[in-house]
Amino acid sequence: MRVVVLGAGTVGASVAEMLCQHGHSVTVVDHNPGVARRVNDELDVRAVSGSAAQSSVLFQAGVMDSDLCLALTGSDEGNMIAASIAKAMGARRAVARVYAPVFRDLSTFDYQRHLKIDRLLSLEHLSAMELARKIREPGSLAIESFAHGNLEMQELAVAKATAAVGVPLRELKLPKAVRVGSILRGGKLMIADAGEKVMVGDRVTLIGAREDIDDVKSRFDVETPQKRGIVIAGGGETGYHLARVLEGPRFAIVLIEADRGRCDFLASHLKQTTVVHCDVQRRADLEEERVGSADVFVACTGDDENNIMACVEARELGAKKTAALVGRPDYANVVGKLGIDETVSPREVVARQVLGFLNTGPVIFRNALLWGGGIEILEVEVVAGAPVTEHVLANVDLPPQCLVAAVIHESYVRVPGADDRLKPGDTAIVFAGDESVDGALALFQTNGRAS
Amino acid sequence: MKFADFVSTEAIQADLVAEDKDGVIREMVQSLLDAGGVQEEEFESIIKAILKREELGSTGIGRGVAVPHTKHPSVDRLVGTVAVSREGVDFQSLDGEKVHLFFLLISPPDRPGDHLRALENISRQLRNDTFCRFLKQSKSADDIRQLLEEADNNQFGA
């Protein structure tokens, strides 16, 4: 496919390289002629130098017949304008990277809608989600990237027989806003239909708002795991999002930040997190904050070297598990040798997202359900005239092993019921077994039928 | 757009009890609920959305005024209400002043234009000192209703 990448900084260049390796035709735009030339020499891409927000430059880069335009420069505003223009000029999908959370909030103004951009991505938010996924119990992941944080997916292990076990799901009267997604039983992953029963030993994924999920969990009498102590070093955007998504009964969180003003902000915005003003580079400070007794120590300051050092110190002090945000690919090798358990690279996180956007037809984003495989998560545009819009969901002829898990309407997410009907303009989150993906997607395609 | 187009008159409160930001928002959404402006099962979700917006930056725009707002899919038209706090509430306003006048707005996400026009109307009217002063002095919901009507008829010269 044809992809135009705007901005050849660390993120832009690595995404361009990754896309080349996947055999896509890539054009890179950077305002710095030297950078553009270097990218041109080092990668198998076409490079154009000039401002990404200028139509002449975008024209030269060929956005008109591109499948995807990625605005990945260091400027939020520049990215949004460039993506908006690219979309208007004919790019099939346009994605802009933004840093400031305000651009992804629509309560005062809806930037994404106004600018007609397909997605505003926050690298910091994505990195935080990735770190959170590695910190939580295995298999439990948040799908916030789908649903603006309003929807979560959690896994629970059913350990003993309660009143809810062995009863068909349709008879359980679960809260309307929660769906049972998949069930892992005897090594086999399947999508639960209404007649399915949950059995002892199953691992079940639940989709819905966090509070509702907790409610359902209690029906299956899941023991609350022991509270785990998490120390997060670095209260930037990544650290802030990470603390936010982990807050809850399962984690006791300490967030360390060196800037006094930022500490005030964090303390007022994170109600269940202990915010500490100290320097992660000072061993004495780490000792004082009892980093040694932490279950997990996460370093996510903006500096690779500091993150690596802090993790090494924390490990030596006795932290059970360490995780670091490491941007430079050159460090990947050494990090493992130093005994750091988990690393997250914002570049890799964004690369994975980007691949998800390279689809044909109404599919906006697709990804394998992260563990095990066998099930795909698809984010699909609902277009006028698609068969799926013709009936309420109960009467839509979905293939077996297929579930419409959530519907996003105007950026708001809901878990649909049997008598919900998808409308053009909605976005549907669909879970489908590998064999059912094509059948499911057929329902979202018009195949030239009149709309 | 006029106040009459979105202010739910039965939900107007002349004497807020709440003494903090969360409390004020809760009390105002409750009054909208009582007046039938929002659905009961959406109550917590609306409050959460309004508080989330506050986290990005206070809607306390200074001079004792705050405009907490959000979009929410559960409403099919603009709904809003007005409340006055005698004591004033710390709302982390730009100017650090306590807030006495609250205009709360909830609007459907697919009508971004109306939402912005309502916010614009509120901010424009509240630039008028006389209007603000009278609102702060109002003793009853009826007083407030009358003031809003007068503002709609441009009687404050805004």
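The values are calculated or read from the model by the stated rules, or taken from the named source; none is laboratory data. Just so we're clear, the structure is a prediction, and the values are computed from it rather than from any experiment. All Cβ positions, glycine included, derive from the backbone under ideal geometry; neighbour counts span all protein chains shown.
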Residue that is nearest to the other protein chains (Cβ to nearest Cβ) [pool: residues in the stretch A:99-113 that are under 13 Å from residue B:56 (Cβ atoms) and in a loop (DSSP other than H, G, I, E, B)]: A:107
Verdict on residue B:96 being away from chain A (no Cβ under 13 Å), farther than 29 Å from residue A:409 by Cα and without any contact (Cβ under 8 Å) to a residue 60 or more places away in the chain: yes
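Within the stretch A:25-39, identify whether any single residue is of a type in the set (S, T, N, Q) and part of a helix (DSSP H, G or I), and answer yes or no.
No, the conditions are met nowhere in the stretch A:25-39.
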Odd one out for residue A:57, checked against (1) touching a helix residue (DSSP H, G or I) at 6+ places or on another chain (Cβ under 8 Å); (2) outside any loop (DSSP other than H, G, I, E, B): (1)
Residues within the stretch B:105-158 that are in contact with a Lys or Arg (Cβ under 6 Å, 6 or more places away or on another chain) and either outside any loop (DSSP other than H, G, I, E, B) or closer than 20 Å to residue B:60 by Cα (or both), tallied: 2
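Residues are listed down the side, and each one gets a yes or a no for (1) buried (at least 21 other Cβ atoms within 10 Å of the Cβ); (2) part of a helix (DSSP H, G or I); (3) more than 14 Å from chain A (Cβ to nearest Cβ):
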site	(1), (2), (3)
B:19	no, no, yes
B:27	no, yes, yes
B:32	yes, yes, yes
B:51	no, yes, no
B:87	no, no, yes
B:92	no, no, no
Hits in the stretch A:302-339 - residues which are buried (at least 24 other Cβ atoms within 10 Å of the Cβ) and either touching a Lys or Arg at 6+ places or on another chain (Cβ under 8 Å) or within 18 Å of residue A:130 (Cβ to Cβ) (or both): A:307, A:311, A:322, A:323, A:324, A:325, A:326
Where a residue in the stretch A:42-67 is loosely packed, with under 15 Cβ neighbours inside 10 Å and its partner, wherever it lies, is β-branched (Val, Ile, Thr) and modelled with pLDDT of 95 or more, with Cβ under 7 Å and at least six apart: A:55/A:85
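Which strands (runs of 3 or more DSSP E) does the stretch A:234-309 wholly contain that include 1 or more residues that are more than 14 Å from residue A:325 (Cβ to Cβ)?
Filter on the stretch A:234-309 gives A:251-257, A:273-277.
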Criterion: buried (at least 16 other Cβ atoms within 10 Å of the Cβ), touching an Asp or Glu at 6+ places or on another chain (Cβ under 7 Å) and closer than 16 Å to residue B:1 by Cβ - qualifying residue of B:126, B:78, B:119, B:105: B:78
Some residue of the stretch A:266-274 being buried (at least 20 other Cβ atoms within 10 Å of the Cβ), of a type in the set (Val, Ile, Thr) and either within 30 Å of residue B:53 (Cβ to Cβ) or in the same structural domain as residue A:135 (by TED's automatic domain parsing) (or both): yes
Where residue B:58 falls short, out of the listed (1) in a loop (DSSP other than H, G, I, E, B); (2) more than 14 Å from chain A (Cβ to nearest Cβ): (2)
Residue B:107 vs. criteria under 18 Å from residue A:107 (Cβ atoms) and touching a helix residue (DSSP H, G or I) at 6+ places or on another chain (Cβ under 8 Å): yes
